[in-house]
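Asker: Just passing along the structure, written as structure tokens.
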Amino acid sequence: MRKFIIDTDTASDDCAALMMACMTKNIEIMGVTVVAGNVSVEQAGRNAKMTLEVCGSDVPVFLGAKQPLMHSRKETISVHGVDGMGDKGLIHPQGGFAPGDAVDYILNTVAEYPDEIEIVVLGPVTNIALAILRDRETMSRVKRIWSMGTPGFGPGNATPVSEFNVFIDAEAYKIMLDSGIPVSIAGFDLCVGDIEIDLDELAEIAASSPQGAFLKDATAVLLDFNRKTRGQDMIDLPDAVAMACAIWPETVTGRMNVYCYTCIDNGPCYGQVIFYREGSTYESMPEIPGYPDEVITSMDAGGFTKRFIGMFKKQ
Ligand code: RIB
Ligand code: CA
């Protein structure tokens, strides 16, 4: 069994990713840690708890960072609704949060299972950075981090050069990428196009199971946002795509070893992540210790969608 910690700023696409992990037999979710991002950390906790309960999971949920490392929390354009989950009154979890804080939980779990824990981080990486700052030695025993973050090789969604999860806390992203822990990055460019879920696919998911119906409601505001801003009847699920990179490797069709430089200077480049590709020569590049990270460069969109829909049908 693979041992996962899932760190999330739980909105509707995070919910889809959590459901994927819950429904995957060879994944043991050790715990869910939450962070402020799409919504407040408390709302992210309630959304995560509710999602797990809909999937029949009693995995513990730990509250983490209320705000980024160096900034106060930005009020964000919530593409997922005020509650992050479609504003349909879905969120009424029975259970509470686990005692203790997310960062302690991450460190204690990695210390208990050295070289076994994979962390799937689906929001700003503030909790991960705090764990590294608090105990770099322990965090060096994390097997791998899977991050939904950066624009990949496409345009940003928070700014033209920065993706939301990095933009909210670029200092944290820099600490994570500079830590030497191997990171696999699923950028926003992977999550657009054929891999998006159209209305027919969404109807099939909703009709398949209570979990599918829950996800359809949770993505109602996201669908409306896409209709209004992009003129498209679809939902894009970046966190589900990132989770697929971790649990369905057969859907990954391209990857690249890179060294990543994270821009944290205030100004228009804040939150940009520059990829230096292994084997390429550049007129100028920073002193680099190696190429510990990888960027996923392409996915089998059809394979993803088939597995994603099929998963709900099996419930
Ligand atoms: O840019 C997309 C990412 O930002 C996703 O993780 C979404 O949930 C938000 O956190
Ligand atoms: Ca997220």
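The values are calculated or read from the model by the stated rules, or taken from the named source; none is laboratory data. This structure is a prediction, so every number in the text was calculated from the model and none was measured. In this analysis, Cβ positions are derived from the backbone assuming ideal geometry, glycine residues included, and neighbour counts consider all displayed protein chains.
Asker: Does Thr76 satisfy being closer than 26 Å to Arg141 by Cβ, assigned to a loop (DSSP other than H, G, I, E, B) and either modelled with pLDDT under 95 or out of contact with any strand residue (DSSP E or B) (no Cβ under 8 Å at 6 or more places or on another chain) (or both)?
Answerer: Values: closer than 26 Å to Arg141 by Cβ: no; assigned to a loop (DSSP other than H, G, I, E, B): yes; either modelled with pLDDT under 95 or out of contact with any strand residue (DSSP E or B) (no Cβ under 8 Å at 6 or more places or on another chain) (or both): yes.
For Thr76, the condition - closer than 26 Å to Arg141 by Cβ, assigned to a loop (DSSP other than H, G, I, E, B) and either modelled with pLDDT under 95 or out of contact with any strand residue (DSSP E or B) (no Cβ under 8 Å at 6 or more places or on another chain) (or both) - is not met.
Asker: Oh, and also: So which of Val221, Val192 is farther than 29 Å from Ile288 by Cα and modelled with pLDDT under 95?
Answerer: Numbers: Val221 fails: modelled with pLDDT under 95.
None of the other options fit; the residue is Val192.
Asker: Take the residues in region 1-46 that are touching a Leu at 6+ places or on another chain (Cβ under 8 Å) and of a type in the set (D, E, K, R); name whichever of them is nearest to His92 (Cα to Cα).
Answerer: So the residue we want is Glu42.
Asker: Is there a residue being within 16 Å of ligand 2 (Cβ to nearest atom) and not in a strand (DSSP E or B) anywhere in region 132-149? So that I can check it myself, show each step before the final result.
Answerer: Our first condition is that a residue be within 16 Å of ligand 2 (Cβ to nearest atom); within region 132-149, this holds for 145-149.
Filter once more, keeping what is not in a strand (DSSP E or B): 149.
Within region 132-149, one or more residues are within 16 Å of ligand 2 (Cβ to nearest atom) and not in a strand (DSSP E or B).
Asker: Moving to a separate point now. Evaluate region 52-75: report whether one residue or more is in contact (Cβ under 8 Å) with a residue 40 or more places away in the chain and among the hydroxyl-bearing types (Ser, Thr, Tyr).
Answerer: no
Asker: Suppose we filter Pro286, Pro249 for residues that are loosely packed, with under 13 Cβ neighbours inside 10 Å and either at pLDDT 95 or above or in contact with a His (Cβ under 9 Å, 6 or more places away or on another chain) (or both); which single one remains? Let's see the steps before the verdict.
Answerer: Details: Pro286 fails: either at pLDDT 95 or above or in contact with a His (Cβ under 9 Å, 6 or more places away or on another chain) (or both).
It is Pro249.
Asker: Determine, yes or no, whether Ile235 is within 18 Å of the chain's Cα centre (by Cα), closer than 19 Å to Asp198 by Cα and of a type in the set (Val, Ile, Thr).
Answerer: In short, yes.
Here is a yes/no grid of residues against (1) out of contact with any Cys (no Cβ under 9 Å at 6 or more places or on another chain); (2) more than 24 Å from Met234 (Cβ to Cβ); (3) away from ligand 1 (no atom under 14 Å from the Cβ):
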residue	(1), (2), (3)
Asp7	yes, yes, no
Ala11	yes, no, no
Ala16	yes, no, no
Ile27	yes, yes, yes
Asn38	yes, no, no
Glu42	yes, yes, yes
Arg46	yes, yes, yes
Lys49	yes, yes, yes
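Asker: Evaluate the following for Gly95: is it at positive phi, modelled with pLDDT of 95 or more and either away from ligand 1 (no atom under 16 Å from the Cβ) or not in a loop (DSSP other than H, G, I, E, B) (or both)?
Answerer: Taking the combined requirement at face value, the residue does not satisfy it.
Asker: Could you check region 152-255 for helices (runs of 4 or more DSSP H) lying wholly inside it with 1 or more residues that are closer than 14 Å to Asp13 by Cβ and within 16 Å of ligand 2 (Cβ to nearest atom)?
Answerer: 164-167, 210-218, 220-230, 238-247
Asker: From Ile119, Ile91, grab the single residue that is touching a Lys or Arg at 6+ places or on another chain (Cβ under 7 Å) and either basic (Lys, Arg) or closer than 27 Å to Gly212 by Cα (or both).
Answerer: Ile91
Asker: Working carefully through the options Val142, Val110, Val120, find the one that is within 16 Å of ligand 1 (Cβ to nearest atom), under 30 Å from Arg255 (Cα atoms) and in contact (Cβ under 8 Å) with a residue 24 or more places away in the chain. Outline the logic, then answer.
Answerer: Values: Val142 fails: within 16 Å of ligand 1 (Cβ to nearest atom); Val110 fails: within 16 Å of ligand 1 (Cβ to nearest atom).
Unique residue meeting the criteria: Val120.
Asker: Let me confirm something: among Asp115, Asp135, which residue is at positive phi, modelled with pLDDT of 95 or more and more than 16 Å from ligand 1 (Cβ to nearest atom)?
Answerer: Asp115
Asker: Then there's this: Could you list, in sequence order, the residues of region 12-28 that are over 12 Å from Ile247 (Cα atoms) and either more than 14 Å from ligand 2 (Cβ to nearest atom) or of a type in the set (Gly, Ala, Ser) (or both)?
Answerer: Those that are over 12 Å from Ile247 (Cα atoms) and either more than 14 Å from ligand 2 (Cβ to nearest atom) or of a type in the set (Gly, Ala, Ser) (or both): Ser12, Ala16.
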